[in-house]
1. Among the residues of the range 432-455, write down those that are closer than 20 Å to residue 379 by Cβ and either at pLDDT 95 or above or surrounded by 15 or more Cβ atoms within 10 Å (Cβ to Cβ) (or both).
2. Can you tell me which condition residue 58 does not meet? The list is (1) at pLDDT 95 or above; (2) under 23 Å from the mean Cα position of the chain (by Cα); (3) in a helix (DSSP H, G or I); (4) surrounded by fewer than 23 Cβ atoms within 10 Å (Cβ to Cβ), and all the others hold.
3. Consider residue 259 against the criteria (1) surrounded by 18 or more Cβ atoms within 10 Å (Cβ to Cβ); (2) under 16 Å from residue 281 (Cβ atoms): it satisfies all of them except one. Which criterion is unmet?
4. Of the residues 372, 408, 366, only one is more than 14 Å from residue 101 (Cβ to Cβ), under 18 Å from the mean Cα position of the chain (by Cα) and in the same structural domain as residue 328 (by TED's automatic domain parsing); which?
5. Being in contact (Cβ under 8 Å) with a residue 12 or more places away in the chain and out of contact with any helix residue (DSSP H, G or I) (no Cβ under 7 Å at 6 or more places or on another chain) is the filter; apply it to the range 107-121 and report the residue that is farthest from residue 3 (Cα to Cα).
6. Which of the following residues is more than 10 Å from the ligand (Cβ to nearest atom) and in contact (Cβ under 8 Å) with a residue 60 or more places away in the chain: 75, 104, 51?
7. Does any residue of the range 190-205 turn out to be under 23 Å from residue 120 (Cα atoms), within 12 Å of the ligand (Cβ to nearest atom) and assigned to a loop (DSSP other than H, G, I, E, B)?
8. In the range 105-136, how many are over 22 Å from the mean Cα position of the chain (by Cα), more than 20 Å from residue 88 (Cα to Cα) and outside any helix (DSSP H, G or I)?
Ligand code: B12
């Protein structure tokens, strides 16, 4: 089959730190014999969808696949509308974090033929094989894990997703996602003091924690599964040799969940003997899933920074979030990380439902008084499908999920705050943190490129 993946163009989309990895994984794991292309509207800086329509005319795909995230929902809906109008015979499928969050409600958000909850490598391949043989019947479709489809009686059928072993998973097809194109256009993620060319890798999938603001468990399930260490090492070698990558970002939800596994990965990295490379885990790791041995191994393997996400300095807010983290443990681990010779970055969130000014003050105080080298304060966003979102919807506090937002936009303020006030609190938090020590301020200035700093400041107020 001819399959076209479409990554829709998004207004003000950042090329800076994001790659459409999902398509690279889907393509790498498809059964042989299908022709796959990716139309990347973000990389093409395509604004009007004319170029993607032209690509569809040229390539004549039988199947189009879209990846839906809340930040690209509006743009994706517009692509779907235009495809439906001009190419009515083309089958449309969607997957991605927003589909995993919306579940059965996906069709109300995007008018596609098929949608996929959870990981798509195996199930998308199954659908492709079925479509290649003609119009699939419902018995066959019932066998496809995580598939959502319309039924003859006008209803919606959802197959439960399955989160299988990662042993046979091929890693991302970085050629398909045009890693070189991204690098040439300023892609750079994580904090690396020397590295010039960075790339994301995944070593584990899954998250067992119950944080009520997060949608990750719908995408990758609750069990942390690990990739074979040899496969991770082969991917690192491939990225280094083929794309001259010298900064590697492990973008797992829980890289250090299985401490022994993380240690094995660090030893395997050292075993590769690559010169001048660094590693980072910029999505953060759980503070309590760290020990001294692991920190030393990370340092030896090329980590310079450790990112952790206490999220709040208020025990009350942490309990509301069901974060399951103790501030005392965070304090200890910050010291342990520093003692291992690594710098610490803290992620904090303000404006969680139920928060008061006193809670926000506690968060600012916690960030300032512990030895974080850098920190960022973002505002809570109610992501579709998360328990926090469902509660707000039930209570009538929100009408639907935010769409088209990136990190810095604010769509929700807890009772007692306006959005403008919450933004001021965020500004105050950043100011308090960065003015609390000259080292923090200098590090902030030296770590961010002027373009990134400008983007950040522009969005701040
Ligand atoms: C790493 C990561 C990032 C990295 C980027 C990684 C990258 N791809 O370059 C960074 C930190 C930059 C990032 C940014 C953001 N992220 Co993020 N991120 C993640 C994380 C941890 C993994 C994502 C990833 O790359 N996975 C690897 C690839 C292979 O998986 P995937 O893209 O999901 O694709 C798989 C399936 O979804 C499915 N699939 C996807 N597309 C399609 C299409 C078809 C046709 C099919 C069949 C299947 C399919 O199959 C794929 C293979 O299994 C997830 C949590 C999680 N466990 O999913 C959060 C997560 C996806 N992020 C999330 C969010 C909210 C964001 C931000 C919007 C943050 C914000 N609030 O502003 C930004 C968006 C950036 C922007 N452009 O503005 C939410 C998504 C919620 C939503 N409904 O959109 C998640 C779920 C975390 C959470 N807080 O709940 N993120």
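The values are calculated or read from the model by the stated rules, or taken from the named source; none is laboratory data. All figures in this text were calculated on a predicted structure; none of them were measured in a lab. Cβ: placed from backbone, ideal geometry, glycine included. Neighbour counts: every protein chain shown.
1. Those that are closer than 20 Å to residue 379 by Cβ and either at pLDDT 95 or above or surrounded by 15 or more Cβ atoms within 10 Å (Cβ to Cβ) (or both): 432, 433, 434, 444, 448, 452, 455.
2. (2)
3. (1)
4. Values: 372 fails: under 18 Å from the mean Cα position of the chain (by Cα); 366 fails: under 18 Å from the mean Cα position of the chain (by Cα).
Just a single option satisfies the conditions, and that option is 408.
5. Step one: filter the range 107-121 for residues in contact (Cβ under 8 Å) with a residue 12 or more places away in the chain, giving 107, 109-121.
From the residues that got through so far, the ones that are out of contact with any helix residue (DSSP H, G or I) (no Cβ under 7 Å at 6 or more places or on another chain) too are 107, 113.
On the way: 107: 21, 113: 15 Å.
It comes out as 107.
6. One residue alone meets the criteria, 75.
7. Restricting attention to the range 190-205, the residues satisfying the condition of being under 23 Å from residue 120 (Cα atoms) are 199-205.
Pick out the ones that are also within 12 Å of the ligand (Cβ to nearest atom) and you get 199-205.
Now restrict to residues that are assigned to a loop (DSSP other than H, G, I, E, B): 202-203.
Yes; the residues of the range 190-205 include at least one that is under 23 Å from residue 120 (Cα atoms), within 12 Å of the ligand (Cβ to nearest atom) and assigned to a loop (DSSP other than H, G, I, E, B).
8. So the count comes out to 0.
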